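First the structure, in the form of structure tokens, and then the observations on it.
The values are calculated or read from the model by the stated rules, or taken from the named source; none is laboratory data. These figures come from a predicted structure and were not determined experimentally. Because the Cβ atoms are built from the backbone with ideal geometry, glycine has one as well, and the counts that use them run over all protein chains shown.
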Amino acid sequence: MMRRREIVALLSLAWPIALTQVGLVSLGLVDVAVLGRLSVTDLAGSSIGRSIGFVGVGIPMGVAAALEPIASQAVGAGEPRRAWAGLRAALPGCALAWAPCMLVALVATRFLEPLGIETAVADRARAFLVGHAPGLLFFSWFLAQKAYLQAHGRTAPLVLAAVVANLVNWIVCNVLVRGDGFLAALGLPRAGLAPMGAVGAGIASSIACFVLVVATAPFVRMVEREQSGDVGAPVRVTRLLSLGAPIGLQLVAEIGVFAAVALAAGRMGPTVMAAHQVAIGLASFTFMGVLGLSGATSVRVGHAVGEGRPARARSTGFLGIGLGALYMLVCGVVFAIVPAPLVRLFTVDPDVVALGSDLVRVAALFQVVDGVQGVAAGALRGAGDVRQPFVANVVGHWIIGLPVAVLLGGPGRMGARGLWLGLTLGLAAVAVALVVRFAVVSRTAVRRI
């Protein structure tokens, strides 16, 4: 009965988090849809600029994620005021990490031309990133607010904020990117607005991320006013930075290996690149459910740690991991049975459909291990262990997965399928390492952070 209640609690917390993640991903899809109707050059440039910016914001996102164990453990221990103190430290911590990271990201765009990127595309990438840079700070602030609300079980405002931000992004992005052309299409009088292209999309993304923060803030304050009691041990900005850096580096390591595989696929020709993008898009969509379960597991494990109940923390973590594996097993079966119809949702090109279907079948193989590693990382985060997941990702992806991908996907070998098999091996290695680590960490009482 207790296990059943815990499963219900995990799923109740997970599905709004998963919906919020879908909403956050949709912000980027709006930019793609709008720019795709304007210019291939603007679309390509914005895609590169977004990728560079997302890697650059890894550390600030890690600082925001570091609030998860602090807030959930504090709530579990009956010290909700400490969770509020953690949020107040996380916001300046994100800003301190954001400034140098964005500077590095902007400088990195100067190396695009030497890497073979056309000047026109590189210029659009820089323009998009300049417009989008403030939004990346707002995005990390929203993630911190999200961690605070999740710890208190208040997830509905997150879904609402994501919906509002997407509506604002669609309107503002169309106006800035297309200018008077969009107003004319709606039958509105012209206002003398010139199309801004990629930089307009970047500014629109920043506005949408600002809306995320503003829409969530009243609910954060509402929860804060409901709390009472002592703050407990102080939460310093330096503590958030020390916890957040490994989480951020873990994100960079994971994002980086997928970017490296995408680059390798792109060098094999447009058909391979298109098939890769469709397959990775499908795999990313199913992973939104994993992120929901990961966040819920992190919160529930953190609550148990704060309550001083190590046995419950252990059982909750393994329940979350099991649910993640079961969910992705279902997704993998669907991928294996109907790969071609799924690919045809995105393209009708017969060559892309054929290769994309093959890659989706490979994706079916790694669905389960991807679910396991994603939720296991959340369980460890709830327990306050943030360094070992970073090590596991570096070893699994960069020392095991990527070399195998390059070996199997080399000229005259398995091509794109070999690249994906290497990714699968890397994900499996990370999954095993994280599950073993959680088993070791949760064997005895977990110390609060």
| If we scan the range 314-328, do we find a residue that is in contact with a Phe, Trp or Tyr (Cβ under 7 Å, 6 or more places away or on another chain) and over 30 Å from residue 74 (Cα atoms)? | no
| Yes/no for residue 271 being within 22 Å of residue 17 (Cβ to Cβ) and either part of a helix (DSSP H, G or I) or in contact with a helix residue (DSSP H, G or I) (Cβ under 7 Å, 6 or more places away or on another chain) (or both) | no
| Within the range 96-152, how many residues turn out to be more than 19 Å from the chain's Cα centre (by Cα), part of a helix (DSSP H, G or I) and of a type outside the set (Ser, Thr, Tyr)? | 21
| Residue check, residue 9 out of contact with any Gly (no Cβ under 6 Å at 6 or more places or on another chain) and among the hydrophobic types (A, V, I, L, M, F, W, C) | yes
| field | Given (1) closer than 19 Å to residue 314 by Cβ; (2) small (Gly, Ala, Ser); (3) surrounded by fewer than 22 Cβ atoms within 10 Å (Cβ to Cβ), number of the condition residue 379 does not satisfy | value | (3)
| field | helices (runs of 4 or more DSSP H) wholly inside the range 2-86 that include at least 3 residues being at pLDDT below 85 and within 24 Å of residue 144 (Cα to Cα) | value | 2-36, 40-56
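Would you mind stating whether residue 174 is at pLDDT 90 or above, more than 15 Å from residue 83 (Cβ to Cβ) and not hydrophobic (A, V, I, L, M, F, W, C)?
Answer is no for this residue.
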| said: With the structure loaded, tell me whether residue 275 is of a type outside the set (Ser, Thr, Tyr), more than 19 Å from residue 143 (Cβ to Cβ) and buried (at least 24 other Cβ atoms within 10 Å of the Cβ) or whether it fails that test. | reply: yes
| field | Scan of the range 182-228 for residues that are crowded, with 16+ Cβ neighbours inside 10 Å, more than 19 Å from residue 131 (Cβ to Cβ) and modelled with pLDDT under 70, ordered by number | value | 183
| Looking at (1) free of Cβ contacts under 8 Å to residues at least 60 places away in the same chain; (2) crowded, with 24+ Cβ neighbours inside 10 Å, which is the only condition residue 102 fails? | (2)
| request: Could you tell me whether any residue of the range 237-252 is part of a helix (DSSP H, G or I), over 30 Å from residue 93 (Cα atoms) and of a type in the set (Ser, Thr, Tyr)? | output: no
| field | Neighbours by Cβ (under 8 Å, 6+ apart or cross-chain): first from the range 274-303, more than 25 Å from residue 151 (Cα to Cα); second among the charged types (D, E, K, R) and surrounded by 24 or more Cβ atoms within 10 Å (Cβ to Cβ) | value | 283/370
